[in-house]
Structures are given as structure tokens and as C-alpha cells.
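What follows is a single structure, written as C-alpha cells, with notes after it.
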Amino acid sequence: GESVGLHLPTLSVQEGDNSIINCAYSNSASDYFIWYKQESGKGPQFIIDIRSNMDKRQGQRVTVLLNKTVKHLSLQIAATQPGDSAVYFCAENRRGGFKTIFGAGTRLFVKA
Amino acid sequence: KAGVTQTPRYLIKTRGQQVTLSCSPISGHRSVSWYQQTPGQGLQFLFEYFSETQRNKGNFPGRFSGRQFSNSRSEMNVSTLELGDSALYLCASSLDGATNEKLFFGSGTQLSVL
């Protein structure tokens, strides 16, 4: 069935280290992938996206990698800061689907 | 530019009652999607509306319904509330809901069913 899954429910990193959050998706027809960040008491916020014709995209301190061969998506956060503590969701959007499917989420803890 | 606005922020209802939640999208956005968020199930897609038409619906019982008005504002309704309906209900908007479009979320309505 449809699913966008995450390998780890929680991730704890030291401030200043790099963080890597992984995600698996099931449908090879998906052509757009997005990472969202959700802080306590707020709705998810867009971080970065990538289209299926790309394998890497960089933003400010964040990088998304897409491996279509194994249907894997990852979010890398450089020099993780306390403000990065949140739940991170990967999501996929399919052509003509008119819906975005979310993964289960990974909670990132940043230790000072 | 104002973000997505959801009202009310909190709701407490009892089993068997019904509830209506409201969402005002970002100005100019015509696609509105609704999600149910629970600790155990994550974000589950409820439905998506564009130009007052429901274009997609998730796997929820018929007690969950929605509508969209000509100004793109949307409401969702849950009838005959059950304890399991307790959740954070999130609304998201985008320009037209086409592929390759990110969503902008409101802060949600936290519904508690007692």
C-alpha cells in the first residue's frame, strides 16, 4: 500500500554535529519529495524539497538526498543547533494524486 | 501575508456530538487539504478541495466530511464523535494542489473527545 516510512523514531545528536534523518518510500511513481519540520504546538513547516529528476539539493544547512534505485530519501542537517529540535517528516506527492503522503516522523533531540 | 488560520484552537466534546472546524487558507491559495494527526498514526490525509470540489479523499469513515466555499475557506465536520477522533486536525493550503507544490500548514485544532 501507500507508505512513506522512517527508519528511526528518535534521533539524539550533540550540538554542532551533523544529523541524518532517513526515509523510505514505496511508490516509484512519486515525483516530488518534501521534508517538513514540526515544532511543539505548531503545524509542519516546509524545509526543503526535491524532484525525482534530481538526486541532491542543498539549502541553508540542510541537504536532501534522493536515491530512486532503493526508494530512499535522507535529510542532512549540518552543525545541528538546539533550535533544530523538532519532529521531522518526509512526504511524497504523486502526479495527479492531489494529496501529499507523510511518513511517521522522526523526533530529533539536540544535546547542548 | 497572513498564514493559514484555523479556528478554534482547542475543542472539547463528548461522544456522540458533532464538531465543525474552520480553515482560512493563505490569500490566493485555492487548494485546501485536511489531515488528522495522532501520536500513533502520524499525519493521515483526510481530503483535498479545490474550487469547491473534493478532488481526493483519504480512508476515513463517512462521519468525516468537508466543504469549501467560493472564497477558498474550508470547513470539516465530524459527526457522532468517538473517543478515537481525539487528535490534532491540521489544515494546509497551496496554490492549486498540483504536483510539486509544498503545503503551508495552520497550527491546527486540538480536538478532545470525552
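Computed on protein heavy atoms with a 1.4 Å probe, the accessible areas place B:Arg55, A:Arg57 in the order A:Arg57, B:Arg55, largest first. Going from the chain on its own to the full set of protein chains, region A:21-57 has these residues losing 10 Å² or more of accessible surface (heavy atoms, 1.4 Å probe, no ligands, DNA or RNA): A:Asp31, A:Tyr32, A:Tyr36, A:Gln38, A:Gly41, A:Lys42, A:Gly43, A:Pro44, A:Phe46, A:Arg51. Note that region A:36-49 has calculated 3J(HN,Hα) couplings of 10, 10, 10, 8, 4, x, 10, x, x, 10, 4, 10, 7, 9 Hz, one per residue in order, obtained from phi through the Karplus relation 6.51 cos²θ - 1.76 cosθ + 1.60 (θ = phi - 60°); glycine and proline are x. Per the Kirkwood formula applied to alpha carbons, region B:1-65 shows a radius of gyration over Rh ratio, Rg over Rh, of 0.97.
Across region B:61-78, rounded Karplus estimates of 3J(HN,Hα) from the backbone phi angles (6.51 cos²θ - 1.76 cosθ + 1.60, θ = phi - 60°) give x, x, 5, 9, 9, x, 7, 10, 9, 5, 8, 6, 4, 9, 10, 10, 10, 10 Hz, Gly and Pro being marked x. Per-residue surface analysis assigns A:Thr100 an accessible area of about 10 Å², computed on protein heavy atoms at 1.4 Å probe radius. For A:Ala86, the amide hydrogen comes within under 5 Å of the amide hydrogens of A:Leu108, counting only partners 5 or more places away or on other chains and with H modelled in the peptide plane.
Mean separation of Cα pairs under 8 Å and 6 or more residues apart, divided by the residue count, gives region A:6-112 a relative contact order of 37 percent.
Remark: C-alpha extents of chain B on the principal axes read 37, 27, 27 Å, sorted largest to smallest. At q = 0.20 Å⁻¹, what log₁₀ I(q)/I(0) does a Debye calculation on the Cα points of region A:35-105 give, no solvent, two decimals? Normalising to I(0) and taking log10 leaves -0.92.
Each listed q (0.26 Å⁻¹) maps to a log10 I(q)/I(0) for region A:14-75, found by the Debye formula over equal Cα scatterers with no solvent: -1.17.
Ligands, DNA and RNA left out, the 1.4 Å accessible surface of region B:35-110 is 46% carbon and sulfur atoms. Interface size, chains A and B: roughly 1700 Å² of accessible area buried, both sides included, 1.4 Å probe, rounded to the nearest 100.
The values are calculated or read from the model by the stated rules, or taken from the named source; none is laboratory data. All of these numbers come straight from a predicted model, not from anything done at the bench. Note: accessible area is taken over every heavy atom of the protein model, side chains too, but ligands, DNA and RNA are not part of it. Shrake-Rupley method; radii C 1.70, N 1.55, O 1.52, S 1.80 Å.
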